[in-house]
Amino acid sequence: MKDIGRTAVVEETTAASDRKRVLVVNDDQAILEVFQALLEDEGYEVILDTLRTGNLNAQYTRLVDERPDVVVLDLVVLGEQVGWQFLQLVKMQPQTTRVPVIVCTAAVELVKELGAHLASMRVEVVLKPFEIDHLYAAIVRALNSADSDPWAEPPPRSPD
């Protein structure tokens, strides 16, 4: 009997460590809690972070420390495009450029303005309000399109 119990614990521990990690960044605590409930129900490990003006370096450090498999990010925080600034920071840094990002925002006009640029950065967009299945599908697509480990060192560039 003890062997069965240990096997179950090992399987459960392994399953938990294989869970994909989703970092959700938003300025609204209630929205963060909704995302947490939705994504944990789907088996993801969820990391929540509030995005505030003036702390992009702290946000970036947290991203690097947490090493999520995908980031879900709002573009507009307290009326400012802080999420857009954070996205640019993430995509310009060699260490994080390959981490998949999904923008989840109600800023329809801003998304239209930035559409080509977002596409060039391979950033998926889910507009609020959204159907839950659209969010789940976007996360699956982002995870499937990502490198096997977006945090692994990129291969060296060959000389041109």
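Please treat every number below as a calculation from the coordinates, not as lab data. The model shown is predicted, which means the values in this text are computed figures rather than measured ones. All Cβ positions, glycine included, derive from the backbone under ideal geometry; neighbour counts span all protein chains shown.
Remarks
- A simple packing score, the average count of other Cβ atoms within 10 Å per residue, orders the peptides 22-32, 124-134, 67-77 as 67-77, 22-32, 124-134, with the highest score first.
- Residues SER120, SER148, arranged from fewest to most other Cβ atoms within 10 angstrom of their Cβ, appear as SER148, SER120.
- Cα shape, the stretch 93-150, gyration tensor, a/c 1.5 rule: oblate
- Note on the stretch 19-145: Cα convex hull, mean projected area over all directions, 7.0 nm².
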